[in-house]
1. Inspect all residues belonging to the range 176-190 and state whether any of them is under 28 Å from residue 86 (Cα atoms) and surrounded by fewer than 20 Cβ atoms within 10 Å (Cβ to Cβ).
2. Kindly indicate which of 340, 323 is in contact with a helix residue (DSSP H, G or I) (Cβ under 9 Å, 6 or more places away or on another chain), part of a helix (DSSP H, G or I), within 23 Å of residue 55 (Cβ to Cβ) and touching a residue at least 24 places away in the same chain (Cβ under 8 Å).
3. If you take the residues in the range 130-143 that are within 15 Å of residue 109 (Cβ to Cβ) and buried (at least 24 other Cβ atoms within 10 Å of the Cβ), which one is farthest from the chain's Cα centre (by Cα)?
4. So which of 100, 62 ends up being surrounded by 15 or more Cβ atoms within 10 Å (Cβ to Cβ) and without any contact (Cβ under 8 Å) to a residue 40 or more places away in the chain?
5. Please enumerate the residues belonging to the range 201-254 that are in a loop (DSSP other than H, G, I, E, B) and crowded, with 21+ Cβ neighbours inside 10 Å.
6. Take the range 153-180 and flag every residue that is touching a helix residue (DSSP H, G or I) at 6+ places or on another chain (Cβ under 7 Å) and either free of Cβ contacts under 8 Å to residues at least 12 places away in the same chain or assigned to a loop (DSSP other than H, G, I, E, B) (or both).
7. Suppose we filter 331, 347 for residues that are surrounded by 17 or more Cβ atoms within 10 Å (Cβ to Cβ), modelled with pLDDT of 95 or more and either outside any helix (DSSP H, G or I) or under 22 Å from the mean Cα position of the chain (by Cα) (or both); which single one remains?
8. Could you please find all residues in the range 226-254 being touching a strand residue (DSSP E or B) at 6+ places or on another chain (Cβ under 6 Å) and under 19 Å from residue 318 (Cα atoms)?
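The values are calculated or read from the model by the stated rules, or taken from the named source; none is laboratory data. Since this is a predicted model, take the numbers as computed values, not measurements. Using ideal geometry, Cβ is built from the backbone for each residue, glycine included, and neighbour counts are taken over all protein chains shown.
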């Protein structure tokens, strides 16, 4: 490895939760040693470094804004660069900060104005790169990053809402809440509130999380539908409930990451904190039920693993591993969940990582994109059906998978350095 990797410190684990039988059967996966476990010859943190370095080399300056360039102010770039900055905290390397600054900082003028950002579109997706802007402001103390974050935060002051107060996912998706949007907006909203003492906003952050959970949770499976139409008129919406019809893995993954990340900023004495932890625990109970017993992975459509056309999908698997591992490390989940996280992480390394040679590595089997409403690039209606979700292109090294994989490795390193009592 090109750098010395620092061990993560142990954290106090607490909380109790009834575990599905599956977790008990996975207990043999946990390590009893304080030394970090290796996966196919490398520690989890080393795997994060491998994928980070490989992806930075592949991308070059393609994520940076330049006149007449193709780069956009994009939530995927925000996710990847945030993962690099988190990795820098555990495996310090100036290249991670410099790459993130070139990618995100290139869009931002000194007064905070952002190239290509259209606030009138009211896209929650546009807020995700605000997390990187806040992180870069804390690292560099460059006011342009704070200014940009403030511009993004003010979008929420006028964000259209459903009848019960939930943020629309975008202006072009009226009356709709999507699980994706909770990840894009809620942790950023909460972090901004904490940094700049806008404490009244925590009530609204909790409201967004609560509303999407109430509207999309399915008690039969323990999973969450991709989206909810408050008007119940969209072609993809159930006319009785307003929900979409399937459990798309990445959407549930977005929600899982949103819940565990927002707790980084939520005040310990806020009355909704315990509620959010409980919701996260409920989500994780549902998630582990559908983990493949052989590979440890999760499917593109989570609950229909045996159906023709379904496949093990990298972005959801990385997101679930990250959320489970972080939940254990922060004490939101009992340590038994480390077994599911470890099995999932090992499954990604063994089944979805490709050695490209010359020190380059790839994450395979990533769903390129999926959504609801309008048509996709192949002119197919995005109707929320099983056939639709499994028809979208499958690619390697999508940033929606690489970013969570890097984050998962950081959390797995901590789990595997924690001696199980």
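1. no
2. 323
3. For the range 130-143, the residue satisfying everything is 136.
4. It is 100.
5. Result: 225, 226, 234, 236, 237, 242, 244, 246, 247.
6. Across the range 153-180, the qualifying residues are 156, 164, 165, 166, 169, 171.
7. When all the criteria are applied, what remains is 347.
8. Result: 226, 247, 252.
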